[in-house]
Amino acid sequence: MDRNEHLNKNTIIKAVIDGTDLSKAEQDHLAECGGCRSEIDRFKSELDTLEQKADITAPLPTRRPVLPEKENYSFRLFRPIFAAGLTALMLVAFIWWPNGGIPVYEETTAQILLEMEADERLMTDIEELEGIALSGIYMDESEETEDLMEDEFMDFLIPTDNGSVI
Amino acid sequence: MTPDRKKEFDRTMSDQNHQITILAENAMAGNRVSIEQLVDIFHQDIFRLVYYKTRTRMDAEDITQEIFIKMMKNLHRLKSPNKFKSWLFSIAYNHIRDYFRKQKMLGVFGLNAGVKDFNPEDQDTNNPDEDLLKKEFQDKLFEFIEDLSRWEKEIFILRFINHLKIREVAAVLKKNESTIKTHLYRAIEKLSRNNELRDLLTGDAG
């Protein structure tokens, strides 16, 4: 830049942030130019005011942070050892426990026999239902028994005195 | 700032940094008093950072509390005591990011209340005129910050709300200084075009 040329806005901002970042020519100009120096001072002063106002307008905390009592150093030192010990204990218990501690349901012979009887009863019921699809109540209402049907029919065909078939 | 005032300011800052380094060293060794002193020094700064990000006092106070508990639990991880300030702000920055992630997750299930608006009751004065001016400034500032890109926003808050140096901002965000300067340049350039906010800074408003 020309030594006699005033600093532009961008250079002024650069100077506000850090004057040492200016080029040699810019620094030389600044050393001689009161106008540019006062422009930088004016900008710096605005930023100082911003800092002060930001301080004033921010509320003050109503309480001071309260720090907890310091953790017991000996416990902090032994905490990894304690954790490792506990893990090892749990591992041993897991291996030692039957079935790894998982509960298993054990059936007794009596229980098996009872279950077999129940199964047999169920199968009998199913077989009966296969023969007579309707339940007893519906059978009474819907049809008569086979024996009764046969006697009445024979009596109708060959009537007898006492009503019995010869 | 005159050169004399700047020298005095730098000397004070240097003394303060030295004091913080010593306190951090003691805190790392488990000295409870030093830890409490560090809380005293930084809790307002951290609260301000959280407040400008969450915009509610209640959330800011809860998160600030959590940040200091995290600080205490992780002191043994601090590598150099002279970097305590950047380290603490890194914890704060990450914790706030986690908070917003959780809020976002809750938002997916419709469980959060969304982004809260600035509450005028959060301000401390009983002077209605002053409250109005504060609210106007804060509204404009929030509006301006909201319009910045993600990194411009983070860097602008750390630099101008929390008064961190560029070197410290770079350490907090784990980025190099030139990247920080680039984003800061863009943010300031946007500020230079925001006449409403600038009028409030120069006292030309109204």
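The values are calculated or read from the model by the stated rules, or taken from the named source; none is laboratory data. Here the structure is a predicted model, which means the values were calculated and not measured. Methodologically, a virtual Cβ is constructed for each residue, glycine included, from the backbone with ideal geometry; neighbour enumeration extends over all protein chains shown.
Picking from residues in region B:151-170 that are in a helix (DSSP H, G or I) and at the interface with another protein chain (Cβ under 8 Å from one of its Cβ atoms), the one that is surrounded by the fewest Cβ atoms within 10 Å (Cβ to Cβ) is B:Ile166.
What residue, of B:Gln44, B:Gln37, B:Gln65, is over 19 Å from B:Asn94 (Cβ atoms) and facing another protein chain (nearest Cβ under 9 Å)? Show your work before the answer.
On the way: B:Gln37 fails: facing another protein chain (nearest Cβ under 9 Å); B:Gln65 fails: over 19 Å from B:Asn94 (Cβ atoms).
Result: B:Gln44 is the single residue among B:Gln44, B:Gln37, B:Gln65 that is over 19 Å from B:Asn94 (Cβ atoms) and facing another protein chain (nearest Cβ under 9 Å).
Of all residues in region A:49-70, those satisfying the criterion of being more than 30 Å from B:Val33 (Cβ to Cβ) and either at the interface with chain B (Cβ under 7 Å from one of its Cβ atoms) or touching a helix residue (DSSP H, G or I) at 6+ places or on another chain (Cβ under 9 Å) (or both) are A:Thr49, A:Leu50, A:Glu51, A:Lys53, A:Ala54, A:Ile56, A:Thr57. In this entry, A:Ile102 is excluded by the filter for residues that are modelled with pLDDT under 85, β-branched (Val, Ile, Thr) and touching a helix residue (DSSP H, G or I) at 6+ places or on another chain (Cβ under 8 Å). When we screen A:Leu60, A:Leu77, A:Leu67, A:Leu113 for residues that are modelled with pLDDT of 85 or more, assigned to a helix (DSSP H, G or I) and of a type in the set (A, V, I, L, M, F, W, C), the only hit is A:Leu113.
Out of curiosity, is B:Lys53 among the basic types (Lys, Arg) and surrounded by fewer than 20 Cβ atoms within 10 Å (Cβ to Cβ)? Don't jump to the end; show me each part of the working.
Numbers: among the basic types (Lys, Arg): yes; surrounded by fewer than 20 Cβ atoms within 10 Å (Cβ to Cβ): no.
Judged against the criteria, B:Lys53 is not a match.
Just one of B:Leu197, B:Leu133, B:Leu173 is surrounded by 14 or more Cβ atoms within 10 Å (Cβ to Cβ) and farther than 20 Å from A:Asp48 by Cα; which is it?
Exactly one of B:Leu197, B:Leu133, B:Leu173 is surrounded by 14 or more Cβ atoms within 10 Å (Cβ to Cβ) and farther than 20 Å from A:Asp48 by Cα, namely B:Leu173.
Rundown of residues vs (1) at pLDDT 95 or above; (2) within 11 Å of chain A (Cβ to nearest Cβ); (3) surrounded by 15 or more Cβ atoms within 10 Å (Cβ to Cβ), yes/no style:
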site: B:Met13; (1), (2), (3): no, no, no
site: B:Thr21; (1), (2), (3): no, no, yes
site: B:Glu25; (1), (2), (3): no, no, yes
site: B:His76; (1), (2), (3): no, yes, no
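For region B:175-203, the candidate set comprises residues that are under 27 Å from B:Trp87 (Cβ atoms) and part of a loop (DSSP other than H, G, I, E, B); within that set, the residue that is nearest to the chain's Cα centre (by Cα) is B:Lys175.
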